[in-house]
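Visitor: To start, I am sharing the structure in question, which I have written as structure tokens.
What follows is calculated from the coordinates using simple rules that are stated; it is not laboratory data. All values reported here derive from a predicted model rather than from experimental measurement. All Cβ positions, even for glycine, are placed from backbone atoms using ideal geometry, and neighbour counts span all protein chains on display.
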Amino acid sequence: MMKRTLLAVVTAVAFGGLAGCVAPVAGTGKLYQVVGVETDDMLKLRAGPGTDTRVVAGLPNGTILRVHSCEQTGATRWCKASMRGASGLSGYVSWAYLRDI
């Protein structure tokens, strides 16, 4: 798990740091696992709900996220989420790649 968290943080730094991330609500939200991402790709954790927002980090399959809320933007349901074990790393992900755990 530490290896995945470190990978996410390194990816975040490579994409311009953590400025502009959404602050999570402490102690709230249900846990979900990232699933369904192609083997050579990562789920993009974004600064806002939409593909036109800055990528904060890349998340591989198996990453555990705490989801705080979700909203519909166009045809996609976007969820405000934070990394379990690294709550300062947060943003939005597509609901389509999350599985309830």
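Visitor: Counting only residues 5 or more places away or on other chains, whose amide H sits under 5 Å from the amide H of Thr63 once H atoms are built in the peptide plane?
Guide: Sorted by chain and number, the residues that satisfy this are Val34.
Visitor: Spelling out what I want: for every residue of region 49-66, take phi, set θ = phi - 60°, compute 6.51 cos²θ - 1.76 cosθ + 1.60 (Karplus), and round to whole Hz; glycine and proline get x.
Guide: x, x, 6, 8, 9, 4, 7, 8, 7, x, 10, x, 3, x, 4, 9, 10, 9
Visitor: Treat each spin label as a single point 7 Å out from the Cα along the C-beta direction, and report the Gln72 to Val35 distance in nm.
Guide: Computed distance between label sites Gln72 and Val35 equals 2.3 nm.
Visitor: Further question: Around Val56, what is the net charge, scoring Lys/Arg as +1 and Asp/Glu as -1 over all other residues with Cβ under 10 Å from its Cβ? Numbers along the way, then the final one.
Guide: On the way: positive: Lys44, Arg46, Arg54; negative: none.
That works out to +3.
Visitor: Still on this structure, please answer the following. Mind listing the phi-derived Karplus ³J(HN,Hα) values for region 38-43, rounded to whole Hz, using 6.51, -1.76 and 1.60 with θ = phi - 60°, and x for any glycine or proline?
Guide: My calculation for region 38-43 gives 3, 3, 9, 10, 9, 6 Hz in order.
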